[in-house]
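Structure record follows, encoded as structure tokens.
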Amino acid sequence: MCEIFCFNSDKPKEVNECLKCFYNHSEEHPHGWGLANMHDDKFEISKEPVKASCSENLKGILSSPVVGKNIFAHIRLATIGEVISPNCHPFTKIDDNNRSWVLIHNGTIFDYPQLDEYMEIEKGDTDSERILLYIIDNVNDYESQIGRKSTPLERFRLLKHLIEDLASNNKLNLMIFDGEVMYIHSNMKDSLYYLMNEEGILIATTPVNDNENWKPVEINKLFCLQDGKILHESEEHHNEYIQTEEQLAYINEYIASLGERNGSYN
């Protein structure tokens, strides 16, 4: 599986040390890296289908301060899709009301036929990109029905319904930014942790500093974050993901096949 990271705050902060710790995990997640810094006026997104520890591009980015209020990072262990740039996270798309969305995913969609229609239009061939396209289509449909832009609370309620349904029989650790607010979801125990203090909220697959106050993210809930605070929190759903032996065998077989086709990722 992949690893994911985000920072959310009400003021810009440098996060280089956390990012360096995060990207050091790339030895076990060698199939690509991504970084998104979402400012009010522009999004800075970089990604490559190479191991993060081997990327001169990433080394150059981290040699200068990475400062922002809304930051995503991702390292990929492929379970669906080839090791190519279009399959690297983050994924982005603009909705019909000109909001720029960004998504990163840690997990696998084993069973959700509604995503199949997006296989013909996505840029890559990952289930993660299809999730974003599916969500935006539903947001566009909802806003067309109400005849105006939705509020953050309305989008939260819509995403809560969509993500709860998507989570059934699938691993769905998601971080999404819609240009205004951030959404966080996990449905697997001990697979996402958070640290909250006066400087903002850090969330990552594993803690990225030595602070002793990291806590597990509550599973089966959708959280909406803005300015370093929890804006909305859903009720708990019942679609916890527990990996089966059959699913684990599938994942391991797929990873092994990538190694055979592409050689090592050193």
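The values are calculated or read from the model by the stated rules, or taken from the named source; none is laboratory data. Computed from a predicted structure; not experimentally measured. Cβ sites come from the backbone with ideal geometry, for glycine too, and all protein chains shown count toward neighbours. Ligands, DNA and RNA are excluded from the accessible area calculation, which covers all protein heavy atoms including side chains. Shrake-Rupley method; radii C 1.70, N 1.55, O 1.52, S 1.80 Å.
What residue, of Ser55, Ser63, is free of Cβ contacts under 8 Å to residues at least 60 places away in the same chain and open to solvent by 20 Å² or more (accessible area, probe 1.4 Å)?
That would be Ser63, the only listed residue that is free of Cβ contacts under 8 Å to residues at least 60 places away in the same chain and open to solvent by 20 Å² or more (accessible area, probe 1.4 Å).
Given the residues Ile104, Ile136, Ile131, which is the only one that is crowded, with 17+ Cβ neighbours inside 10 Å, touching a strand residue (DSSP E or B) at 6+ places or on another chain (Cβ under 7 Å) and under 18 Å from Trp33 (Cα atoms)?
Selected residue: Ile104, the only one of Ile104, Ile136, Ile131 that is crowded, with 17+ Cβ neighbours inside 10 Å, touching a strand residue (DSSP E or B) at 6+ places or on another chain (Cβ under 7 Å) and under 18 Å from Trp33 (Cα atoms).
Please work out which one of (1) out of contact with any strand residue (DSSP E or B) (no Cβ under 6 Å at 6 or more places or on another chain); (2) surrounded by 14 or more Cβ atoms within 10 Å (Cβ to Cβ); (3) free of Cβ contacts under 8 Å to residues at least 60 places away in the same chain is the condition Glu28 fails and give its number.
It is condition (2) that Glu28 fails.
Report yes if Asn169 is surrounded by fewer than 17 Cβ atoms within 10 Å (Cβ to Cβ), polar (S, T, N, Q) and over 30 Å from Thr244 (Cβ atoms), otherwise no.
The answer is no for Asn169.
Looking at the stretch 66-90, which of the residues that are open to solvent by 10 Å² or more (accessible area, probe 1.4 Å) and outside any loop (DSSP other than H, G, I, E, B) is farthest from Ser144 (Cα to Cα)?
This residue is Val67.
Any residue at all in the stretch 181-200 that's among the hydrophobic types (A, V, I, L, M, F, W, C) and farther than 21 Å from His89 by Cα?
yes
Can you pull out the residues in the stretch 190-230 that are of a type in the set (A, V, I, L, M) and surrounded by 15 or more Cβ atoms within 10 Å (Cβ to Cβ)?
Of everything in the stretch 190-230, those that are of a type in the set (A, V, I, L, M) and surrounded by 15 or more Cβ atoms within 10 Å (Cβ to Cβ) turn out to be Leu192, Leu195, Met196, Ile201, Leu202, Ile203, Ala204, Val208, Val217, Ile219, Leu222, Leu225.
Give Pro216, Pro207 a once-over and let me know the one that is touching a residue at least 24 places away in the same chain (Cβ under 8 Å), farther than 25 Å from Tyr134 by Cα and out of contact with any Pro (no Cβ under 9 Å at 6 or more places or on another chain).
Pro216
This table checks each residue for (1) under 11 Å from the mean Cα position of the chain (by Cα); (2) more than 22 Å from Leu35 (Cβ to Cβ).
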site: Asp165; (1), (2): no, yes
site: Lys171; (1), (2): no, yes
site: Tyr193; (1), (2): no, no
site: Gly200; (1), (2): no, no
site: Thr205; (1), (2): yes, no
site: Val208; (1), (2): no, no
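Scan the stretch 58-75 for residues that are touching a Lys or Arg at 6+ places or on another chain (Cβ under 9 Å) and basic (Lys, Arg) and jot them down.
Lys69
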